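Notes follow once the structure below has been shown.
The values are calculated or read from the model by the stated rules, or taken from the named source; none is laboratory data. Remember, predicted model here, so these are calculated numbers, not experimental data. Neighbour counts are summed over all protein chains in view; Cβ atoms, including those assigned to glycine, are modelled from backbone coordinates with ideal geometry.
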Amino acid sequence: MTQRPNERRAERQTKSERNMNRAVLLLVAGLVAEWYLLMVDRYYARGTVNQFIKWYDFLGAMRWIGLAVLIAGVVLYVLREKGAWFGRLGGALAAVGVFFAFTSAVMRHVYPTSVTVMCILVPVLMVLGIVYLFYQTEFSVQATALALALGAIALLSRSGSSRVKACAVLALLGIAALLAGTFLLKKADGLLTLKGRKLRLFPANTDYSLTIGVPALCLALVLVGLFAPAVAFYAMWALAIVAFVLAVYYTVKLM
């Protein structure tokens, strides 16, 4: 039975309000996480010897506390059928646990590069989450590719160490996966089949030119930054301009 205009309007309004609430929560969580990481950067990565030792021990404790919170969150989520709040609280605790367990372990063992990477990664993920909530799927894919490329090139412009190059290679693999996935979805008319069920990821009338072209450009520029570090700075600015133009373009399309 076809939905009436009023029903469709009410459904869109409900979805918009839900996404707005999620975006506010994501923004608050991202700002708190970034503040914490900046404190780690100030007193652990760039602090005195005594500060480094104290924060090193603190991160060691937070690694295990985060793991315990993660386990508690998973248990509550499994028990979500007993009450809706079980699932919500479990999901929140699991996310907090993953953050502290993962960041603490990485920042202790990959010092100090990982601290800089985390400080860049958190705001990027926050912006990508907001893009996913409010923008078209096409822009979400393009923004993810741009974020991976910008992060890799920014690191390459600062250092040519083996760890930075490994991060750039991981970014290349991520962009290549996005590109391959987009090609497959284009052939399937934007439908993803899971266990016999079809999930529409791209609208039926999607123009895939930008969704394929932008990751391809990102792939090429990361390769340039990897093998020609001298031009990495200019590649980073080129990607920043592309990101700005796409943001304006898709914002206008929403109106």
* Asked: Regarding A10, is this residue assigned to a helix (DSSP H, G or I) and at pLDDT 70 or above?
  -> no
* To do: Any chance you could count how many residues in segment 133-144 are assigned to a helix (DSSP H, G or I) and touching a residue at least 60 places away in the same chain (Cβ under 8 Å)?
  => 8
* Asked: Can you pull out the residues in segment 119-144 that are among the aliphatic types (A, V, I, L, M) and either in contact with a strand residue (DSSP E or B) (Cβ under 6 Å, 6 or more places away or on another chain) or surrounded by fewer than 23 Cβ atoms within 10 Å (Cβ to Cβ) (or both)?
  -> I120, L121, V122, V124, L125, M126, V127, L128, I130, V131, L133, A143
* **Residues within segment 92-146 that are farther than 24 Å from L179 by Cα and among the polar types (S, T, N, Q), tallied** => 5
* To do: Can you give me the number of residues within segment 65-84 that are of a type outside the set (D, E) and either out of contact with any helix residue (DSSP H, G or I) (no Cβ under 8 Å at 6 or more places or on another chain) or touching a residue at least 40 places away in the same chain (Cβ under 8 Å) (or both)?
  => 3
